[in-house]
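Everything on this sheet refers to the single structure shown next.
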Amino acid sequence: MSVIKASFRGLVGVLFGVGSAIALTPAFAAFTTDQDTITPVIMMSLVLLCGVLCFFAPTIRRAFGRGFLMLGASVFALPISAFLLSGRAASEVVSTAEEGSEAFAAVGAGLAGVAVTGLATFVGVIIGAILLLIGLILSLGGRREVIIVERDNRREPTIQK
């Protein structure tokens, strides 16, 4: 039975790792060139890292918590990823613009970059914060011991006027 639980925790980790890799795709695309072979390796290592973190979690609940934390951190970094990608796209648009229209291309690319980064910030911060909160609750929360002490019939000292 423990082998089935461990394999399920690993599967949960791999699924959250794939989600994390998808969330960081704009950042990977910003650094990719035509001859690049390292980006797929980094993406697969991210999936493997999340799978290993969840595989070694003590319970399935903690595995889900670690997965949500990894995905939440990746989604929370989405504005930075979009900023990197829009900067790379703006650089390529300006470098391929016709003679004399570089200024218009730079302004248009800048406005498009602001729009993409703003939308990614709106989505990334809200969803990333929710995912991080869920991950913290699942990872750190749990059964706590509460001791209830009954109150006896004595009176507390008060100041007399």
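The values are calculated or read from the model by the stated rules, or taken from the named source; none is laboratory data. These figures come from a predicted structure and were not determined experimentally. A quick note on method: Cβ atoms are made from the backbone with ideal geometry, for glycine too, and the neighbour counts reach across all protein chains shown. We work out accessible area using only protein heavy atoms, side chains counted, and drop any ligands, DNA or RNA first. Shrake-Rupley method; radii C 1.70, N 1.55, O 1.52, S 1.80 Å.
Here is how the numbers come out for the structure above:
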| read-out | value |
| --- | --- |
| Residue within the range 99-117 that is of a type outside the set (Phe, Trp, Tyr), open to solvent by less than 80 Å² (accessible area, probe 1.4 Å) and in contact with a Pro (Cβ under 7 Å, 6 or more places away or on another chain) present | yes |
| Options 60, 22: the member that is free of Cβ contacts under 8 Å to residues at least 40 places away in the same chain and either among the β-branched types (Val, Ile, Thr) or touching a strand residue (DSSP E or B) at 6+ places or on another chain (Cβ under 7 Å) (or both) | 22 |
| Members of the range 117-144 found to be within 23 Å of residue 62 (Cα to Cα) and among the small types (Gly, Ala, Ser), listed by number | 128, 129, 135, 139, 141, 142 |
| Out of 71, 84, sole residue that is closer than 28 Å to residue 50 by Cα, open to solvent by less than 80 Å² (accessible area, probe 1.4 Å), in contact (Cβ under 8 Å) with a residue 60 or more places away in the chain and not aromatic (Phe, Trp, Tyr) | 71 |
| All positions within the range 80-118 that are part of a loop (DSSP other than H, G, I, E, B) and of a type in the set (D, E, K, R) | 98, 99 |
| Helices (runs of 4 or more DSSP H) lying entirely in the range 1-62 (those with 1 or more residues that are out of contact with any Ser or Thr (no Cβ under 6 Å at 6 or more places or on another chain) and exposed (fewer than 13 other Cβ atoms within 10 Å of the Cβ)) | 2-23, 38-55 |
| Checking residue 126 against (1) over 14 Å from the mean Cα position of the chain (by Cα); (2) surrounded by fewer than 13 Cβ atoms within 10 Å (Cβ to Cβ); (3) not small (Gly, Ala, Ser), the condition it does not meet | (1) |
